[in-house]
Number of protein chains: 2
Amino acid sequence: MLESKGYQGGSLEFLKSNHVAVGDSVKILAGITYSGIIMPRYEHSDDQHVVIKLKSGYNIGLEIAKIEKIEKNQTTENITQTFRQITKKDGLPKVLLLSTGGTIASKIDYRTGAVTPALTAQELNSSVPELSEIASMDAKVILSKYSENIMPEDWVEIADKIAEFEKSDYSGIIVAHGTDTMHYTSSFLSFALAGFPIPIVLVGSQRSSDRASSDAALNLIGATKFITKAQTKGVYVVMHQDENDNTVACHIGTRVRKNHTSKRGAFQTIGDNPAFIVGEEQIQKNINKEFFSTKDFQPRIKLDTKVALVKYHPGYDPKILEQVIDSGIKGIIFEGTGLGHIGKVMYGSVKKAKEMGIFLGMTSQCVEGRVRMTVYESGRDLLSLGVTPLENMIPEVALVKAMWVLGNYEDSEEIKKIMLQKIASEISN
Amino acid sequence: MLESKGYQGGSLEFLKSNHVAVGDSVKILAGITYSGIIMPRYEHSDDQHVVIKLKSGYNIGLEIAKIEKIEKNQTTENITQTFRQITKKDGLPKVLLLSTGGTIASKIDYRTGAVTPALTAQELNSSVPELSEIASMDAKVILSKYSENIMPEDWVEIADKIAEFEKSDYSGIIVAHGTDTMHYTSSFLSFALAGFPIPIVLVGSQRSSDRASSDAALNLIGATKFITKAQTKGVYVVMHQDENDNTVACHIGTRVRKNHTSKRGAFQTIGDNPAFIVGEEQIQKNINKEFFSTKDFQPRIKLDTKVALVKYHPGYDPKILEQVIDSGIKGIIFEGTGLGHIGKVMYGSVKKAKEMGIFLGMTSQCVEGRVRMTVYESGRDLLSLGVTPLENMIPEVALVKAMWVLGNYEDSEEIKKIMLQKIASEISN
C-alpha cells in the first residue's frame, strides 16, 4: 500500500515516481547523503519538500528540486520491537514506576509518523532490561500526555496516586514525565507531599525511547540506582548531566529548570551543583541539608490556579495587568528585572492589586541570584506598596508555590509567611 | 544635627542613646563586626532594626537586641569627591559617552541614603582618569533614569541621538545605561541603527561608581579600549566577564541576557562565547561573522509597542490571552515550553488571534537552544495554526524585534519575512 499522508502535487508525484512512500527507510542524495524515514506532512501545504526523520530523531525537509537521488534502504530499520518478559529477581529493592507520558514513554508510529506518548509503563520497564538487575520494578500508567498539556489538575492526580504509597514497601517512586513542564510538576509534588517518606524521582528523556540516541535508558537506570542507593528522601528530577552517556544528575525538584530546548543535559540546578551525581559505580552527594524542612508527612494536595506570572519588560502595558487583576486572580508572581524591579508605570495597578488583597510576590527574570529590594529606590517603592521579595526562588517555582499556598491557606499573613518559609529547599542560601 | 530619617520607637531611641545618626560611618559588633554607613529606613515600620550600607554596596538590617556595641568610625569615609579636570591629549581617537542613568552614573547621597542616577556624563568620565590615556572623551547626558524605568520611547530618543553622529569623527559611542533592561535597549539599537558605521557600546555597572567595589571603571575602560582597538562595528554590551577584575566581555547586543541579579559577571552571551574579550593588553576575537547583515546605514527608528510577551505555564488561564488579544495588540511573542509548545487549552485563542491578523511568534522559555516545531504533535498543531517559529531568538529580543518590525512594516507577509531575516545577529547558527 502506497502511503502518502499529507503529500500532494509535486511532492506526491515525486514519491510515486520514485516508488517510495511514507514510512519507508530511504537514502537521499542532495549535496550530501541523508538517511532516514519518510515522514508524513503536517505543516503548510507546500508541495516542494519531502520530510525525513533522521537517526538523531529530528525531522528535516529536503527540497525536491535539489534531490539527485532517492532510494529505499536495503536493510530497513527494525520498527517493531518485542518486549521481553522480565523475570523478577528475589531480594532486590522494590521500585514503582508511574508513567504520565512524554517522550520517555513515546514511540514513533512509522506508518503515521506521529511521536505519541504510547508506551505503557510495563513496556517502558521492559525496554530497559538492565533495570531488573537493580530493582524489582512495578509499573502503572497514570496519564498519557505530553507535558505541555499537563495541567495543575494533573499534578493533583499524580500527587494523590503517589500519596497512596506512603506505607508501601517501595524504596522509591519514579514518575516518567515529559520534559517540557517536568520542573513545574516536581515543584508541586515537593510542596504537596512535603515529608514523604521515600524519594520521588521524575525522569524524562529528550529523544524517544525507541531511537538509538535516546537518553531514556540511562536516565531510568540512573534514577533507579539513585533510589536504591542514595538513602535519601525528597523530590528530584533525574536527567543526563551533559552530552556524555556517563553520568546522570539528580536535581532538587524546586531548584531545577529546563535550560535548553534540545540538549540531553538540558536540565540544570540553578545557582548550584546538582544535589547528586550518579555515575557508573558510585553516587556523589553535593548537599548536606535535608530536602524537606518538615520531617512528618502531612499531605496537602490542594491548589488554586488563580495565580498569574507577570514578566515585566519595557513597554509592558499596565492595562494588561489591570485586566489580570480584574479577572479574579488571588496572587501575582512578578518576574521583575535585576534585583526585583518593575517600572513606575506599573505602580498604580500594583497599588490597586494590594488593596484588593491579592498576594504580590517578586522574583527575577535573571533566573540566577537573589532579589534584594532595599538597594534601589524602585525596590523600596515596591516594598512599601506591599510586594513580598521571594529571595532566590525561581519564578516558575514561585508560581507553583503560590498556587499551592493559596489552595491550602486563607489568611493573608499566613500566606505571606508560608511563601517565605522553606518547605522543600525552594529557597537556598 | 542628629539625622534619624525613617527611624522610630526602639530603633530611634537606640541611635540617640548611642550618639550616632543616619549618614554616620560606624562599626557594629553583633556576633561579628560590621563596618558601614547608617542608612535611612524606607521599608516597613518595624523599630527593631538598624540598617547599614556595607562596603560591598549592599544594605544589611541588624536587630537591635543582638547589637553588643555600636561606635562611630574614627576615620570617616571621604564622602565628597572633587572631580579632576581632564586635560585632553592630542592625537588620541575620539569617543563619545552618552549617559542615560543607571548605577554606572549613580552615587549615594550619604545624608539621604538614596542611590540616585545623578552623575553627569562629564563626572563619569572624570571619575575614571585612565580614560584620558586611551581616548579623547566627549560626554553628554541624554536621560537620568534607572533602566527599569526606561521605556520604548526612551529607546527611540537614544537612537535618534546616536543617529546624529553618523558622520562624526568619533571612533565609537558609549552609552552608559542601567543594567536591568540594558539588553532590551541594545536589541532595539541593533535593529533601528542596522549598519551604523561605528561601534555602539552599552556599558553598565552592578555597583555604584563611587564605591570601592564598583565595576564601573573597568567596564568603561574596557569599552573604550574595545572601541579604539577592535576595529569592528555593531551594537555590544560590555561588562565584567566574571568576578575577577581582569577582563571585560563584549556581548553581541541581540544575543545577551542579564542572567544574575547581582554578580558583576551577570551578563552572558546565550549559547556561545562573548564576541570579544578585552584583557589588560589584548583583545581576543571569538567571532568571524559581521554583526549587521546590512552594510549600508539606513536608520529605521520607529516602533509599535502593541506587542505582548506571553509566557506559557501549566495553569495559564486562556482568558488572559483573550484579553490580550482584545486589547488591540498587533503581535504576540510566546515564550513556550521546550522546543516551542503551549498547551492545547490555548489553541482556541491562538486561532482567534491569527484570524484577527495578529503576528504570532514562538520562542522558548528554556532560553538556550532553538525552537523546532516539526518534531512533536503540539509543535505541528501550532504551525498549522499560523505560529511562526523564531529559531533561537532570545524571547526578550524577539519581543523588541516585533515592536520594531511592526513599527516599520505593514504587510503581514513582509512582517513575517523580516522577523525571520537576520538583521543584527539575533539569530545564530
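No lab work stands behind these numbers, since they all come straight from the coordinates. This is a predicted model, so every value here is computed, not measured. Reconstructed Cβ throughout: ideal geometry from the backbone, glycine too, with neighbour counts over all protein chains shown.
Quick look at the values:
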quantity: Shape call, region A:311-429: gyration tensor on alpha carbons, a/c limit 1.5; calculated: oblate
quantity: In sequence order, calculated HN-Hα J values of region A:331-346 (Karplus, 6.51, -1.76, 1.60; Hz; x Gly/Pro); calculated: x, 10, 9, 7, 9, x, 8, x, 6, x, 10, 9, x, 4, 4, 8
quantity: In nm, spacing of pseudo-spin labels at A:Lys319 and B:Leu92 (7 Å Cα→C-beta vector); calculated: 5.0
quantity: Ranked packing of B:169-177, B:394-402, most packed first, by mean Cβ within 10 Å; calculated: B:394-402, B:169-177
quantity: Dipole magnitude (debye, nearest 20) for the protein assembly as shown, charges at Cβ of Lys, Arg, Asp, Glu; calculated: 440
quantity: Rounded to 5, percent antiparallel among DSSP beta bridges of region B:164-264; calculated: 40
quantity: Around B:Arg300: net Lys/Arg minus Asp/Glu count, Cβ-Cβ under 14 Å; calculated: -4
quantity: Cα-Cα over 21 Å, subset of A:Lys344/A:Lys416; A:Lys352/B:Lys351; A:Lys140/A:Lys263; B:Lys167/B:Lys295; B:Lys89/B:Lys140; calculated: A:Lys344/A:Lys416; A:Lys352/B:Lys351; A:Lys140/A:Lys263
quantity: Structure-based [θ]222 nm, the protein assembly as shown - -39500 (n - 2.57) summed over DSSP H runs of at least 4, per residue, nearest 500; calculated: -7000 deg cm²/dmol
quantity: Packing-based ranking, highest mean first, of B:152-164, B:227-239, A:194-206, A:340-352 given that Cβ atoms within 10 Å are counted; calculated: A:194-206, B:227-239, A:340-352, B:152-164
quantity: Set A:Lys285/A:Lys422; B:Lys311/B:Lys422; A:Lys306/B:Lys302 screened for pairs whose C-alpha atoms are more than 32 Å apart; calculated: A:Lys306/B:Lys302
quantity: Beta bridge orientation in chain B: antiparallel %, DSSP, nearest 5; calculated: 50
quantity: Furthest towards positive pole of dipole, A:Gly10, A:Gly386, A:Asn219, structure part chain A, Cβ charges; calculated: A:Gly386
quantity: DSSP beta bridge pairing in the protein assembly as shown, given as percent antiparallel to the nearest 5; calculated: 50
quantity: Cβ-Cβ FRET estimate between B:Tyr347 and A:Ser412, R0 fixed at 51 Å, reported to 0.05; calculated: 0.90
quantity: Unit charges on C-beta of K, R, D, E only; dipole of chain B, Debye; calculated: 420
quantity: Relative contact order [Cα under 8 Å, 6+ residues apart], chain B, whole percent; calculated: 11
quantity: Fewest-first sequence of A:Lys330, B:Lys416 by Cβ atoms within 10 Å of each Cβ; calculated: B:Lys416, A:Lys330
quantity: Placed amide H near B:Ile174: partners under 5 Å, 5+ positions off or other chain; calculated: B:Leu96, B:Leu97, B:Leu98, B:Val201
quantity: Residues with amide H under 5 Å from that of A:Ser428, placed H, sequence gap 5 or more; calculated: A:Asn392
quantity: Tensor-based shape of the protein assembly as shown (alpha-carbon gyration tensor, a/c under 1.5 rounded, otherwise prolate or oblate); calculated: oblate
quantity: Cα gyration tensor, chain B - rounded (a/c under 1.5), prolate or oblate; calculated: oblate
quantity: Residue order, fewest to most surrounding Cβ atoms within 10 angstrom, among A:Leu131, B:Leu420; calculated: B:Leu420, A:Leu131
quantity: Peptide-level mean, for A:362-368, of C-beta atoms on other protein chains within 10 Å; calculated: 6
quantity: Residue-wise HN-Hα coupling along region B:249-263, computed from phi with Karplus coefficients 6.51, -1.76, 1.60 (Hz; x: Gly, Pro); calculated: 9, 10, 9, 4, x, 10, 10, 10, 8, 7, 9, 8, 5, 9, 4
quantity: Cα centroid of region B:308-387 to Cα centroid of region B:143-200, whole Å; calculated: 30
quantity: Cβ-based net charge around B:Gln282, under 13 Å, with every Lys or Arg adding one and every Asp or Glu removing one; calculated: +1
quantity: 5 angstrom amide H check on B:Lys311, placed H, neighbours 5+ away; calculated: B:Glu335
quantity: Cβ neighbours within 10 Å from other chains - mean over B:398-411; calculated: 1
quantity: Spin-label pair A:Arg300/B:Lys289, simplified geometry with 7 Å Cα→Cβ offset, distance in nm; calculated: 4.9
